[in-house]
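One structure is given here, and the rest of the page talks about it.
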Amino acid sequence: MISLVVHGGAWDIPDDLVDAHKAGVQAALKAGWAILSKGGTAVDAVERAIMVMEDDETFDAGTGSFINMAGEVELDASIMSGKKFQAGAVASVQHVKNPISLARKIMEGNEHILLVGMGATRFAKEHGIKTCSQDDLITNRELDRWREIQGRKNFITKDAFRRKKVPVDTVGAVAIDNHGNVASGASTGGTPNKYPGRVGDSPLIGCGTYADNEIGGVSTSGWGESLIKVVMAKTVIDLMDHNGGDPEQAAEDGLKILVRKTEGYGGIIAVNNKGRIGIAFNTPRMARAYVTSEMRAPFAAT
Ligand code: ASP
């Protein structure tokens, strides 16, 4: 069975944004599935699906990302291939339209795994990855949000997270192709008004992303500071390894660990090495969509 699952963030998506989120994950799924269903690779499908959401201003990834405390966009992304056990990631990178493609280039370079800041931008320029200006990534909606936050006294992301008041619009995808190869990826602008240089779970292999052909793949979303502490993606992979390969149970048990140990919250998408999909979230909503070669039609929900 070949499968693809994507997410567009786990949080309390307001009613007026629900349709855009659903349409966004559906479009990403369609683009990734067009590759996978024609015999394409899991890595290609994951990259493509994430690119679609990076280019969609609805999500906090690529264009439309949150703006940091310094008024800039800094992006994080990661991708992992469970076939050759390769990974690539970027953190706090600027001037890159599709950080997932940059993460992939780094993965394929096979020398480094994680590049940050100016080094990551330099790598992009040297390897033909499209660069852009800050203005190309900043939308009016995010500029308004940023201005509004500057006007508030003592905006502390941690407190806002505790009150579940932070939008969590990170995107991710996990796929298995017809050779049994698993890939997963994540891309984000992080959290609104984050401290410059702040890095969440998304670009950290094992926290936001993990893939192992022998077990499956995972991508996460949510409060990065809590997801990092429980090494969320790898924890779910290990749970799946020990529960007979049940991705739903593993995703749910992973969230229980997150809550018990950190009082955190978020969402998890997982695929096992047979193509079975598991999704769990402890937020009011999570934008998600999936399809397998055994389904008549794709599923999408928020
Ligand atoms: N996990 C991301 C971060 O903390 C946020 C998100 O999922 O939207 O950077």
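FYI, it's all coordinate maths here, none of it is from the lab. Note that the coordinates shown come from a computational prediction; the quantities given were computed from them, not determined experimentally. Note that we place each Cβ from the backbone using ideal geometry, even for glycine, and neighbour counts take in every protein chain shown.
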With r as the distance between the Cβ atoms of Arg152 and Lys38 and R0 = 51 Å, compute the FRET efficiency 1/(1 + (r/R0)^6) and round to 0.05. 0.55
Which peptide among 203-214, 287-298 comes first, and what is the full order, when sorted by highest mean count of other Cβ atoms within 10 Å? 203-214, 287-298
With springs only between Cα atoms under 10 Å apart, run a GNM on the chain and tell me which of Asp144, Asp56, Asp169 wobbles the most. Asp144
Can you tell me, using C-alpha contacts under 8 Å and at least 6 residues apart, the relative contact order of the range 147-302 as a whole percent? 17 percent
Gap separating the Cα centres of the range 1-52 and the range 176-237, nearest whole Å: 16 Å
Each label sits 7 Å from Cα toward the beta-carbon; between Gln134 and Ala297 the label points are separated, in nm, by 4.6 nm
Viscosity 1.567 mPa s, temperature 4 °C: Stokes-Einstein D of the range 40-105 from its Kirkwood Cα radius, in µm² per second? 106 µm²/s
Among Thr170, Thr121, Thr220, residue whose mean-square fluctuation peaks in a GNM of the chain (springs only between Cα atoms under 10 Å): Thr121
If contacts are Cα pairs under 8 angstrom and at least 6 residues apart, what is the relative contact order of the range 74-150 in percent? 27 percent
Please give the charge dipole size of the chain, origin at the Cα centre, charges +1 on K and R Cβ atoms and -1 on D and E Cβ atoms. Round to the nearest 20 debye. 340 debye
Relative contact order, percent, the chain [alpha-carbon distance under 8 Å, six or more residues apart]: 26 percent
Most fluctuating residue given options Ala251, Ala49, Ala31, as computed from a GNM of the chain linking Cα atoms under 10 Å: Ala31
Using the basic label-point model (7 angstrom from Cα toward the beta carbon), what is the His179 to Asp15 distance in nanometres? 4.9 nm
Cut-off under 5 Å, modelled amide H: who pairs with Asn282 long-range: Gly266
How big is the convex hull of the Cα atoms of the chain, per residue, in Å³? 109 Å³
Cross-link pairs beyond the 22 Å C-alpha cut-off, checked among Lys22/Lys125; Lys22/Lys84; Lys130/Lys229; Lys229/Lys256; Lys234/Lys256: Lys22/Lys125; Lys22/Lys84; Lys130/Lys229
